[in-house]
1. Mind checking which residues of the stretch 458-468 are of a type outside the set (Lys, Arg) and either at pLDDT below 85 or out of contact with any helix residue (DSSP H, G or I) (no Cβ under 6 Å at 6 or more places or on another chain) (or both)?
2. Show the residue pairs meeting these rules: Cβ distance below 7 Å; 6+ apart or different chains; first residue within the stretch 280-297 and closer than 17 Å to PRO82 by Cα and of a type outside the set (A, V, I, L, M, F, W, C); second residue modelled with pLDDT under 90 and exposed (fewer than 14 other Cβ atoms within 10 Å of the Cβ).
3. Going through the stretch 223-267 one residue at a time, which ones are of a type in the set (Gly, Ala, Ser) and in contact (Cβ under 8 Å) with a residue 60 or more places away in the chain?
4. Going by the conditions given, is PHE283 closer than 19 Å to ALA50 by Cβ, modelled with pLDDT of 85 or more, of a type in the set (Phe, Trp, Tyr) and out of contact with any strand residue (DSSP E or B) (no Cβ under 8 Å at 6 or more places or on another chain)?
5. Which condition breaks for LEU395 when tested against (1) outside any helix (DSSP H, G or I); (2) closer than 21 Å to THR357 by Cβ?
6. Could you tell me whether any residue of the stretch 23-34 is farther than 16 Å from VAL331 by Cα and modelled with pLDDT of 70 or more?
7. When the stretch 288-316 is examined, which residues are found to be among the basic types (Lys, Arg) and at pLDDT 85 or above?
Amino acid sequence: MSATHILINLVGEIALLLWGVHMVQSGVMRVFGSDLRRWLARGLETRFHALLLGLGVTAALQSSTATALMAMSLAGALDLVPALAIMLGANIGTTLVVQVLSFDVTIVFPLLIAIGVFTFRRGKGTRFQDLGRVAIGVGLMLLALSLLAAAIAPGENSTTVRELLAALTREPLLNVAIAAALTFAAHSSVVVVLTVMSFAVSGLIGPEATLAMVIGANLGSALNPVLEASGGDSVRLRIPLGNLATRVVGAIIALPFLGPIAEWLGALEPGPSRLAANFHTAFNLAVALLFIGLLPLMAKLLVRLLPEKPASGDPAKPLYLDPSAIGTSAVALANAARETLRMADVVEKMLAGTQATFHGDRRHLVAETSRLDDIVDRQHQAIQTYIAQIAREPLSDQDARRLAEIQSFAINLEHIGDIIDRNITELSAKRLRLKLSLSPEGLADIDGMYAQLLDHLRLAVAVFMSSDTEAARRLVAEKEQFREMERNSTERHFARVREGRKASIETSGLHLDVVRDLKRIDAHLAATAYPLLERAGALKPTRLAS
């Protein structure tokens, strides 16, 4: 077989291995993606808990890059020390996959593919279909490894192949650079380490070259998150840069001792495949042990080197809508949710501002409210564009529901902004233009409704973020109380009109319009709870009496 034929086979089989890893990762993300991110976001008691959590998440995803993206999406919400510990665990997690695949388990790949195909075809639209995808992915990885070994075997007797590899693997630094470049291109250290393992088993590369290329694979997998975080918020860059720094230090320490390390590991457990797998595990364990106690110091250094950027001059500019996260639905949805919370903050300012315009002459707040509504509109447009990009990706049922919830909440906030700007602000301007004053009783009623609205807005945000059924129940129940407040305020207003009180007569239309618009806003806030309560079976089909 010619060297060209061997090379073509290698490229195809490495591509098949890469596709198997992709299928496993996408299947796990569809089944557990949102749950994995929530686990990362929960309060972590110690850095050791964080390390174990990163290990488990990465072992499931088979990608430390995906774990890094999740951790980066939580930058600001997650302390830097546990975030860095998560990455130390993530690096160990990738070694578990390599350890399992380093043994001769190729005999099971036909069974895995058969089970995966059956489950995928029978479980349409369910988690079983995604679990079938995972089984197919693992089967394809094992098949690719078997084909790699068969493709490399003729190269053992090819003088051209041996001379080429000998030239490329003569220098350890060159080995590191080649493996790092391949890993960067493939976005997977698992694939590259397994490929290196196949070359080592065939005898095409020696023990020291094998270890150097494993180091290169570790460095290459740390480069992708750094480049994806660069050019944006410096806070997001701290986690991947800290992770890269730990691997660089580990590489610098290990490279001068590759010979003794190869001898020691070879004596411990003979075999080229075991040498590569064991060194991959030992390297990442050693780096974790070296840095786990130094993480607070490293976090302080990263904060000093990468300070938080001053707030942007454009408050409507998105802060969290990272395009690089689109392919990872759990991360992208979290980004969209965080940006939607920024909309809620602006709407809260609009409500507080319009409430103040009914007290005295505060014309500047009328213009400020219109400016804030422009910000809400631009934020809403950016979020909807981002959501449309997410929707083009395959989504699990859970992620599709979350996407719909984010979209609905953003739309409701945009409608609330329009009501405030086009209706309530106009009413405030009219009051100032005609020099009208609300009666003390009417003003007290409106202030009371505003206070309820602000409370309901915060409650709606809590329901949106936590999916808490009890909070959703409370939000809908208090909507009924708000309706009662609106009814009582209207009745008291008409009572004052019947009494002939001048202030109430002059401001009759103004008072009724404000109360009506506040009720409309509350209805938009209560709508946040309906999807959650509907899934919980806590909604009646109709309010009509039978």
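1. The first filter runs over the stretch 458-468 and keeps only residues of a type outside the set (Lys, Arg), leaving 459-468.
Result: MET465, SER466, SER467, ASP468.
2. Pairs that qualify, where the first residue is closer than 17 Å to PRO82 by Cα and of a type outside the set (A, V, I, L, M, F, W, C) and the partner is modelled with pLDDT under 90 and exposed (fewer than 14 other Cβ atoms within 10 Å of the Cβ): there are none.
3. Answer for the stretch 223-267, where residues must be of a type in the set (Gly, Ala, Ser) and in contact (Cβ under 8 Å) with a residue 60 or more places away in the chain: ALA229, GLY232, SER234, GLY242, ALA251.
4. Considered against the rule, which asks whether it is closer than 19 Å to ALA50 by Cβ, modelled with pLDDT of 85 or more, of a type in the set (Phe, Trp, Tyr) and out of contact with any strand residue (DSSP E or B) (no Cβ under 8 Å at 6 or more places or on another chain), PHE283 comes out as no.
5. If we test LEU395 against (1) outside any helix (DSSP H, G or I); (2) closer than 21 Å to THR357 by Cβ, just (2) comes out false.
6. Yes; the residues of the stretch 23-34 include at least one that is farther than 16 Å from VAL331 by Cα and modelled with pLDDT of 70 or more.
7. LYS300, ARG304
Condition check ((1) within 28 Å of GLU339 (Cα to Cα); (2) assigned by TED's automatic domain parsing to the domain that holds MET87; (3) not aliphatic (A, V, I, L, M)) across all residues:
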position	(1), (2), (3)
ILE205	no, yes, no
ALA209	no, yes, no
SER221	no, yes, yes
ALA229	yes, yes, no
LEU241	yes, yes, no
THR246	no, yes, yes
ALA254	no, yes, no
ALA282	no, yes, no
LEU290	no, yes, no
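The values are calculated or read from the model by the stated rules, or taken from the named source; none is laboratory data. All values derive from a computational prediction rather than experimental measurement. Every residue, glycine as well, gets a Cβ built from its backbone with ideal geometry; the counts of neighbours run over all protein chains shown.
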